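**Q** One structure is given below, represented as structure tokens, and several questions about it will come after.
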Amino acid sequence: MSSKAKKKLTLTQQEYQEFAKAREPQRSVVFNCVKAFLVGGSICLLGQLISQFYMTFFDFNERTASNPTVATLIFIAVLMTGFGVYDHLGQWAGAGSAVPVTGFANSIASAAIEHRSEGYVLGVGGNMFKLAGSVIVFGVVAAFVVALVKSIIIQLGGF
Amino acid sequence: MLRGHQSWEFANKPVILSTGVVGGPFEARGPLANDFDILHGDKWLGQDSFEKAEKKLLEQACEKAIEKAGLNKEDIQFFLAGDLMNQIITSSFAARTLGSPYLGLFGACSTSMEGLALGSMIINSMGANYIICGTASHNSSAEKQFRYPTEYGGQKPPTAQWTVTGAGVALLGKEGSGPRVTAATIGRVVDMGISDPFNMGAAMAPAAVDTLQAHFRDFERSPTDYDLIATGDLGKIGYQITKDLLAKHGIQMGDQYVDCGMLIYSEDQPVIAGASGAACSATVTYGHILNRMQRGELNKVLIVATGALLSPLSFQQKESIPCIAHGVVIENIPS
């Protein structure tokens with residue numbers, strides 16, 4: 001816990017939090033990283049294989065093959081979410097299954113399935129981006145800032 | 001009557017005439033499966049939403065309890081229930097079906113014992129002949145409301161717990177055969193500054209400790225006076241903290257101290273730190289523990305149901321989690 005958050009707590013509360021902390025199992029960072037690396041890597045490898053498949057059997061080149069590849073990966077992830085498998089994979093793999101595009105697809109599909117009972121407009125439509133929305137918002141903001149920095153550097157006669 | 005600072009002693013000793021305990025598919029795979037009256041293989045219970053499934057669980061538990069006691073719906077004077085859903089819709093909608101006069105409660109996962117204590121108080125003071133008190137929770141509806149969508153692949157930390165899908169109710173009466181409610185201790189809200197909703201055990205443990213200490217003080221009793229002391233849903237981590245914290249305060253909890261959240265599922269079920277949810281203490285107490293009392297294996301038990309009084313809004317606003325615990329004493333009294 002940050003020292004700022006700690007300041008708000010009374011002495012008894014601070015003492016208790018240390019007492020409790022000593023009895024909580026810690027997340028195994030190294031093991032989690034290894035699992036995330038393996039699963040995340042496997043998803044990327046699968047993506048590479050799909051990409052090769054499109055280049056070999058269809059009229060795609062390295063650049064244009066990315067679109068059908070991403071679509072295929074999203075399709076697989078959504079299917080796995082629907083069958084209730086992806087959340088089990090996520091519990092084991094952590095960031096490994098959350099960071100690739102499949103994790104993004106899972107966050108949208110799971111929210112859509114969950115809120116189906118509230119109808120298509122307020123339920124599915126309104127809640128689909130409940131988790132993914134912040135990724136899109138901050139992704140766009142970050143892209144804008146990076147583009148701004150790049151433009152300023154070019155204007156100043158840089159690279 | 002009032003005893004000490006925050007406890008009640010029930011001179012007329014209300015009787016638990018019958019109970020209704022319903023569970024879902026995950027509970028059916030656990031070691032206490034035989035203690036449920038009804039187990040469902042389908043987590044939807046044939047309904048089209050998890051919220052409706054949760055309501056159905058509570059309705060079935062009430063029906064079962066009334067049937068087992070050989071009574072009719074019309075005999076029930078009051079229905080005391082609560083749950084975890086926003087505006088306690090599960091209980092209110094089940095009360096609509098039941099048709100009895102109804103008091104809605106909210107004590108999060110401590111609702112089971114809050115209801116039993118209040119119900120006993122009403123019976124004790126001749127306010128009713130028959131009362132049903134109980135609670136329900138559903139894993140998927142709780143996940144949906146408090147955490148992430150059920151199919152979302154986010155990783156849960158080792159302190160996370162699994163919400164029980166089930167409902168447990170008790171039918172209380174003035175006279176009859178069955179275990180009797182003899183005392184209750186009402187808890188205070190305790191907040192030790194824990195704000196992680198994936199660490200309920202550590203958040204609720206101090207509330208359990210506070211109520212247990214108050215109970216032992218008010219009745220001048222010690223843990224050895226009971227055959228079994230069960231906390232509601234602290235899980236492995238909260239259980240250990242409670243035990244160590246009480247030891248620090250000079251109260252040694254022996255082997256008779258258990259946690260309902262550690263009993264309901266087996267080791268190989270992926271529940272991480274244990275079970276939680278309003279139905280956790282309700283199903284284990286009204287099923288497993290009362291069955292053991294009826295078999296004569298236990299004669300005097302203390303159930304301390306723990307609840308985390310947070311809302312999805314409060315933890316997003318970085319508020320810490322206030323917690324509460326209510327204790328009720330159930331005894332076999334030879335007539």
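The values are calculated or read from the model by the stated rules, or taken from the named source; none is laboratory data. Here the structure is a predicted model, which is why all the values come from computation and not from measurement. Backbone-built Cβ (ideal geometry, glycine too); neighbour counts: all protein chains shown.
**Q** Check off (1) crowded, with 21+ Cβ neighbours inside 10 Å; (2) more than 26 Å from B:PHE198 (Cα to Cα) for B:SER281 and give me the number that stays unchecked.
**A** With (1) crowded, with 21+ Cβ neighbours inside 10 Å; (2) more than 26 Å from B:PHE198 (Cα to Cα) applied to B:SER281, the lone miss is (2).
**Q** State whether the residues of segment A:134-152 include one that is within 14 Å of chain B (Cβ to nearest Cβ) and assigned to a helix (DSSP H, G or I).
**A** Yes, because at least one residue in segment A:134-152 is within 14 Å of chain B (Cβ to nearest Cβ) and assigned to a helix (DSSP H, G or I).
**Q** Please go through segment B:159-178 and give me each residue that is farther than 15 Å from B:LEU57 by Cβ and part of a loop (DSSP other than H, G, I, E, B), ordered by number.
**A** Across segment B:159-178, the qualifying residues are B:THR159, B:ALA160, B:GLN161, B:LYS174, B:GLU175, B:GLY176, B:SER177, B:GLY178.
**Q** Does B:GLU143 satisfy the criteria of being in a helix (DSSP H, G or I) and modelled with pLDDT under 95?
**A** Yes, satisfied.
**Q** Name the residues in segment B:314-334 that are of a type in the set (Gly, Ala, Ser) and assigned to a strand (DSSP E or B), would you?
**A** B:ALA325, B:GLY327
**Q** Do we have any residue at all in segment B:240-248 that's assigned to a loop (DSSP other than H, G, I, E, B), farther than 29 Å from B:GLU143 by Cβ and touching a helix residue (DSSP H, G or I) at 6+ places or on another chain (Cβ under 8 Å)?
**A** No, that holds for no residue.
**Q** Moving to a separate point now. On the given criteria, is B:ALA94 touching a helix residue (DSSP H, G or I) at 6+ places or on another chain (Cβ under 9 Å), more than 14 Å from chain A (Cβ to nearest Cβ) and not in a loop (DSSP other than H, G, I, E, B)?
**A** Yes: the conditions hold for B:ALA94.
**Q** If you take the residues of segment B:19-76 that are assigned to a strand (DSSP E or B) and of a type in the set (A, V, I, L, M, F, W, C), which of them is surrounded by the fewest Cβ atoms within 10 Å (Cβ to Cβ)?
**A** Checked segment B:19-76; the qualifying residue surrounded by the fewest Cβ atoms within 10 Å (Cβ to Cβ) is B:ILE38.
**Q** Which residue pairs have Cβ atoms closer than 7 Å, lie 6 or more positions apart in sequence or on different chains, and pair a first residue in segment B:146-175 that is within 14 Å of another protein chain (Cβ to nearest Cβ) with a second residue that is of a type in the set (Gly, Ala, Ser) and surrounded by fewer than 24 Cβ atoms within 10 Å (Cβ to Cβ)?
**A** Listed by first residue and then by second, the contacts come to B:TYR148/B:GLY154; B:THR150/B:SER140; B:GLU151/A:GLY84; B:GLY153/A:ALA98; B:GLY154/A:ALA98; B:GLN155/A:GLY94.
**Q** Being in contact (Cβ under 8 Å) with a residue 40 or more places away in the chain, among the hydroxyl-bearing types (Ser, Thr, Tyr) and closer than 18 Å to B:LEU116 by Cβ narrows it down to one residue among B:SER281, B:SER266; which is it?
**A** Unique residue meeting the criteria: B:SER281.
**Q** So B:THR231 fits all but one of (1) among the β-branched types (Val, Ile, Thr); (2) under 20 Å from B:ALA279 (Cβ atoms); (3) modelled with pLDDT under 95; what number is the exception?
**A** (3)
**Q** Test B:SER110 against the stated conditions and say whether it is surrounded by fewer than 24 Cβ atoms within 10 Å (Cβ to Cβ) and more than 14 Å from chain A (Cβ to nearest Cβ).
**A** So B:SER110 fails the test.
**Q** Residue pairs, Cβ under 9 Å, 6 or more apart or interchain, first in segment A:10-38 and outside any helix (DSSP H, G or I), second of a type in the set (Ser, Thr, Tyr). List them.
**A** Taking only residues 6 or more apart or on different chains, the pairs are A:GLU24/B:THR159; A:PRO25/B:THR159.
**Q** Could you check segment B:217-239 and list, in sequence order, the residues that are among the charged types (D, E, K, R), within 18 Å of the chain's Cα centre (by Cα) and not in a loop (DSSP other than H, G, I, E, B)? Steps first, answer last, please.
**A** Here is the first cut: in segment B:217-239, the residues among the charged types (D, E, K, R) are B:217-218, B:220-221, B:225, B:227, B:233, B:236.
Among the residues that remain, those that are also within 18 Å of the chain's Cα centre (by Cα) are: B:233, B:236.
Across segment B:217-239, the qualifying residue is only B:LYS236.
**Q** Does B:ALA214 count as away from chain A (no Cβ under 12 Å), touching a His at 6+ places or on another chain (Cβ under 9 Å) and in a strand (DSSP E or B)?
**A** no
**Q** Can you name every residue in segment B:210-225 that is surrounded by fewer than 24 Cβ atoms within 10 Å (Cβ to Cβ) and touching a residue at least 40 places away in the same chain (Cβ under 8 Å)?
**A** B:ASP210, B:ALA214, B:ARG217, B:ASP218, B:PHE219, B:ASP225
**Q** Check off (1) within 16 Å of the chain's Cα centre (by Cα); (2) surrounded by fewer than 16 Cβ atoms within 10 Å (Cβ to Cβ) for A:ASN32 and give me the number that stays unchecked.
**A** So A:ASN32 meets the others, but not (2).
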